[in-house]
Amino acid sequence: MLTVKPPEYYPIIDKLFAGRIREAVEAFGASLEELTVFVQPEDRILNLIFFLKVRGLQRFLSMEVDPFVYGLLEKLASDATETFGKVYGVRFAISGFKVVDEHPREEHPERAAKLVVNGPDEMRDVLERLGKGLMITLREWNVRFSALAVTVPIEEPHILTIVLKMEHPVPPEEKGGLEKKLRHKTRTYLKTLTKRVIPVEVKILDPEDKTLASILKRKVEIEKEAEELAESDEVRELMSLLGKETPGS
């Protein structure tokens, strides 16, 4: 799914960009089929060009796809610069991107809500059952939504995040009430499905909501991954070619 040119930059793009792009796309009810990234070093700047092949993204975004993708890539580049970039004195910059959707927008697309589940293998069955139960409940509440994402990080701490993508904008007071009801229902289902106590976070997105924080990994996780990546011998050797001493040298 991921192709990086030149290939020696694969570990960096894989860790800092690819996974979060996939999570963001899936949280909006679509899927990332292919991702190709060209890396063009220029002094202390790593210029990146992205080619994304997605399935069904326009079915679940009433706004234009390009601004959404550009905002996502800029956020990831900023995070990568603030974490990994500080170690080696480099900056990540988005030089260009192109998105190809396998299912172009139709005049009257069917708004079949999609369930997206991500989490540790030992929890996937529980998360899928939880997601299906929540979708049934939301329909009983007459909530019109296009996608529901149920995610738990692979590593500790395990925090269950529910992201609900609405079909139409919702007033803040109504959104707050729905978040409270959905959080309570999620905890109720969890008590039935598992004996584990897991913190629950709920985020409701409007169709034009461009807030990406809820579908990106938390800052502490980004910093941890960037630190591990920076200590990789392969990456240290690659960064040394850009003219900066590696950490600890």
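The values are calculated or read from the model by the stated rules, or taken from the named source; none is laboratory data. Since we're looking at a predicted model, the values are computed, not measured. Neighbour counts run over all protein chains shown; Cβ positions are idealised from the backbone, glycine included. Note: accessible area is taken over every heavy atom of the protein model, side chains too, but ligands, DNA and RNA are not part of it. Shrake-Rupley method; radii C 1.70, N 1.55, O 1.52, S 1.80 Å.
Within segment 137-155, the set of residues being part of a helix (DSSP H, G or I) and open to solvent by 100 Å² or more (accessible area, probe 1.4 Å) comprises Arg139, Glu140. Residues that are under 29 Å from Arg55 (Cβ atoms), in a strand (DSSP E or B) and touching a helix residue (DSSP H, G or I) at 6+ places or on another chain (Cβ under 9 Å) occur in segment 118-133; there is at least one.
Return the total of residues in segment 154-188 being within 17 Å of the chain's Cα centre (by Cα) and closer than 16 Å to Leu130 by Cβ. Residues that pass the stated criteria total 7. Note on segment 181-224: among residues that are assigned to a helix (DSSP H, G or I) and of a type in the set (A, V, I, L, M), the one that is modelled with the highest pLDDT is Leu182.
For beta carbons closer than 6 Å, sequence separation of 6+ or different chains, a first residue in segment 69-82 that is open to solvent by 30 Å² or more (accessible area, probe 1.4 Å) and a second that is at pLDDT 90 or above and of a type in the set (Lys, Arg), the qualifying pairs are Thr81/Arg91.
Of all residues in segment 161-182, those that are under 14 Å from Ala149 (Cα atoms) and open to solvent by less than 60 Å² (accessible area, probe 1.4 Å) have Cβ atoms under 8 Å from Cβ atoms of residues that are of a type in the set (Lys, Arg) and assigned to a helix (DSSP H, G or I), 6 or more apart or on another chain, in Ile162/Arg183. Determine if segment 135-142 includes at least one residue that is within 25 Å of Lys75 (Cα to Cα) and either of a type in the set (Ser, Thr, Tyr) or modelled with pLDDT under 90 (or both). No: segment 135-142 contains no residue that is within 25 Å of Lys75 (Cα to Cα) and either of a type in the set (Ser, Thr, Tyr) or modelled with pLDDT under 90 (or both).
To keep it simple, each residue is scored yes or no on (1) within 18 Å of the chain's Cα centre (by Cα); (2) over 25 Å from Pro207 (Cβ atoms); (3) modelled with pLDDT under 90.
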residue	(1), (2), (3)
Arg55	yes, no, yes
Ser62	no, no, yes
Ala80	yes, yes, no
Phe84	no, yes, no
Gly96	no, yes, no
